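In what follows, a structure is listed as structure tokens, so that the remarks can point back to it.
Nothing in this text is a laboratory measurement; each read-out follows from the coordinates by a stated rule. Everything numeric here is computed off the predicted structure, so don't read it as measured data. Note that each Cβ is placed from the backbone with ideal geometry, even for glycine, and that neighbours are counted across all protein chains shown.
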Amino acid sequence: MIINNTFFEILEEQNILKTTKTKPIVDAIKNRKKISFYYSGPRKPKKDSVKPGYRVKAEAVALGLSKKGNLIIRAYVQPPSTSKTGFAKGGWRTFIVGRMGSVQITDEKFDDKRPNYKEGDDSSMSVTYVTTDWTKQPKQTKPEEKPQPVQEPTVQTPKPEVKPTEPKPEELPQPKPATKPEPQPEPQNQVEPTSVEPEKGPEELPQPKPEEKPAQNPEEDEENKELQESIKKIKSLMFS
């Protein structure tokens, strides 16, 4: 009898955990992934009613059957999640899986155990099917080390000595060469000047010709010479 009950429990557990709705939740619980969903409540009785709204990035740690036979999860929730009583007394809540809608499994993981967490079977559940596996540690990804480029030794080449250059004497402004006037083009249709004959002055009267001296006689010349010599002799006698 005990064997038959255990067998049926195993079959029931396998059917529950492999539905399209529960399988993603089971994987999220085992791998510590946060889930978001819309929860509709029960509304009656009023003392047990739950405020409908979104639960954002809840940390689900267990799935099982409640004492009333409902499939439930236990999760830790924080603002901005909706809550009727608030989060002053803590963030642990239980949710009926059948009232969860728009379930989204995020890629964000949780690695810390919240206050008042108890490992093992959940005391509020008659049967605990799945609990969080804390043995799986998040992989620490090392930053990729980029190979450093090998720097070749640099050979310093001697810089050429720069001799100081003497200042060049300032060049005085040179006179510009005189530019030759460009030949002016000859005007076209130039009228040649007409030759003007000089005016004729008054006609000159014939002038008298100079008197021609008569040719001297050679005999007279000899007489004059003798006379001159005799005069010289007389003057020499007188002044001697």
Fill in the blank from the handout: Quick calc, segment 2-131, dipole around Cα centre from Cβ unit charges on Lys, Arg (+) and Asp, Glu (-), nearest 20 debye, gives 740 debye
Exercise for the section: Quick one: what are the phi-derived ³J(HN,Hα) couplings along segment 15-20, Karplus 6.51/-1.76/1.60 with θ = phi - 60°, whole Hz, x for glycine and proline? Expected result: 5, 5, 7, 10, 6, 5
Fill in the blank from the handout: Protection proxy (average C-beta count within 10 Å per residue), highest first, orders 126-132, 115-121 as 126-132, 115-121
Completion exercise
Here segment 73-89 yields Karplus 3J(HN,Hα) values (6.51, -1.76, 1.60; θ = phi - 60°; whole Hz; Gly and Pro given as x) of 10, 10, 9, 9, 10, 9, x, x, 5, 6, 8, 6, 9, x, 10, 5, 8
